[in-house]
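Take a look at the structure set out below.
The values are calculated or read from the model by the stated rules, or taken from the named source; none is laboratory data. The structure displayed is predicted, hence computed values, not measured ones. Cβ coordinates were reconstructed from backbone atoms using ideal geometry, including for glycine residues, and neighbour counts include every protein chain displayed.
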Amino acid sequence: MDIGGNTRICGLIGNPVEHSKSPLIHNTIADAMGEDLKYVLFRVDEKAQLEAAIKGAYALNIQGLNITVPYKSDVIPFLKELDPLAERIGAVNTLVRIEGGFKGFNTDMPGLYRALSEDGVKIEGEDVVVLGAGGAARAVCMMLAERNVGRVFLLNRTIERAEAVANEINGLHDAKIIFPKVLDWYKDIPEGKKYIVIQATSVGMVPHPEGVIIEDEGFYNKVSVGYDIIFNPRETRFMKLVKAHGGEAYNGAKMLLYQGVIAHELWTGIPVPFALAAKAYEKMYGEV
Ligand code: ATR
């Protein structure tokens, strides 16, 4: 659709933003839905410019924004409202225009949940292993704890970080859901069944695709489904090892897709049909 007098503008704020897949996702969806909406990239060079960028976007009647690295937490003070999930996670990736400013949401974790659901991976009641205890892993654990999983074994090289995440989330739920462990504990993981494993570290990402968080092939015999939040390379070594031992493996591309789909739905108020999300995914995947 051509740009005209009523075209609504959405965009991505971050630095860098040039290689983002988000324009592809949102412009594909908008075109196919017949929405007069365009999505563009707004690089904000420095944190000191962030407040002016958000206020300027509001003044310019921008409909919605995504926020990416490194501003997902820094943006919070400049918002009019904050969704409770985004508040708990402490990171915002989507802004929706409301009266007097923007409201912040986190669609990354709902995106991961929707990606798992679309791939037929049911987590409710299941024991899940999470690898890593950085910002991404913490958000994954928040999502899992809210979805009534069984136990979450949180394995990290630095046990203190795993403990901090577990204390925080178990405290929020007043229940022991997250069990912090050192990475090597995978050798002691209870036998007799296979696990859903979410790889939430940056190990194995381009430019170091040869990396994998656990080298020991024995571990992969215990994996039923391996989900890597990395999407570049398309097939990480973690995924290859899961598949080589009979498990199903997925990369983070669908999480990326669905965080965008959910953001788009928040901006327009109209659900994006599955077939259309699939079309955006195909386009996106062609370029990953
Ligand atoms: P993010 O916010 O993207 O999650 P992060 O907070 O820097 O990034 O966290 C990186 C995660 O990858 C951590 O769990 C880190 O383990 P430590 O807490 O022990 O540092 C993990 N990680 C990174 N490189 C690793 C490596 N070579 N071996 C094991 N774990 C690694």
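Annotations for the structure displayed:
- Residue tally, condition small (Gly, Ala, Ser), farther than 13 Å from residue 268 by Cα and surrounded by fewer than 19 Cβ atoms within 10 Å (Cβ to Cβ), over segment 22-36: 1
- Scanning segment 169-213 for residues that are in contact with a Leu (Cβ under 7 Å, 6 or more places away or on another chain), not aromatic (Phe, Trp, Tyr) and not in a strand (DSSP E or B) returns 183, 200, 201, 212, 213.
- Complete set of residues in segment 254-276 that are more than 23 Å from residue 104 (Cα to Cα) and aliphatic (A, V, I, L, M): 275, 276
- Qualifying positions in segment 211-241 - of a type in the set (D, E, K, R) and within 14 Å of the ligand (Cβ to nearest atom): 215, 216, 228, 237
- Exclusive hit being closer than 30 Å to residue 88 by Cβ and surrounded by fewer than 22 Cβ atoms within 10 Å (Cβ to Cβ), set 155, 172: 172
- Residue in segment 174-196 that is within 11 Å of the ligand (Cβ to nearest atom), touching a Pro at 6+ places or on another chain (Cβ under 9 Å) and modelled with pLDDT of 95 or more present: no
- Selected residue [outside the structural domain of residue 26 (by TED's automatic domain parsing), small (Gly, Ala, Ser) and either modelled with pLDDT of 95 or more or out of contact with any His (no Cβ under 9 Å at 6 or more places or on another chain) (or both)] from 275, 200: 200
- Any hit, segment 131-139, residues being under 18 Å from residue 205 (Cβ atoms), within 16 Å of the ligand (Cβ to nearest atom), outside the structural domain of residue 87 (by TED's automatic domain parsing) and surrounded by fewer than 20 Cβ atoms within 10 Å (Cβ to Cβ): yes
- Hits in segment 143-163 - residues which are away from the ligand (no atom under 13 Å from the Cβ) and either touching a Lys or Arg at 6+ places or on another chain (Cβ under 7 Å) or among the hydrophobic types (A, V, I, L, M, F, W, C) (or both): 143, 144, 145, 149, 152, 153
- Of 261, 225, all but one fail to be touching a strand residue (DSSP E or B) at 6+ places or on another chain (Cβ under 9 Å) and not in a loop (DSSP other than H, G, I, E, B); the exception is 225.
- Residue under evaluation residue 208, criteria (1) farther than 19 Å from residue 158 by Cα; (2) in contact with a Phe, Trp or Tyr (Cβ under 8 Å, 6 or more places away or on another chain); (3) within 12 Å of the ligand (Cβ to nearest atom), criterion not met: (2)
- Those helices (runs of 4 or more DSSP H) lying entirely in segment 63-168 with at least 1 residues among the polar types (S, T, N, Q) and within 17 Å of the chain's Cα centre (by Cα): 108-118
- Whichever residue in segment 39-59 is under 17 Å from residue 79 (Cβ atoms), in contact (Cβ under 8 Å) with a residue 12 or more places away in the chain and among the hydrophobic types (A, V, I, L, M, F, W, C) and, among such residues, is surrounded by the fewest Cβ atoms within 10 Å (Cβ to Cβ): 42
- In segment 252-265, the residues that are in contact (Cβ under 8 Å) with a residue 24 or more places away in the chain and not small (Gly, Ala, Ser): 254, 255, 256, 257, 258, 259, 261, 262, 264
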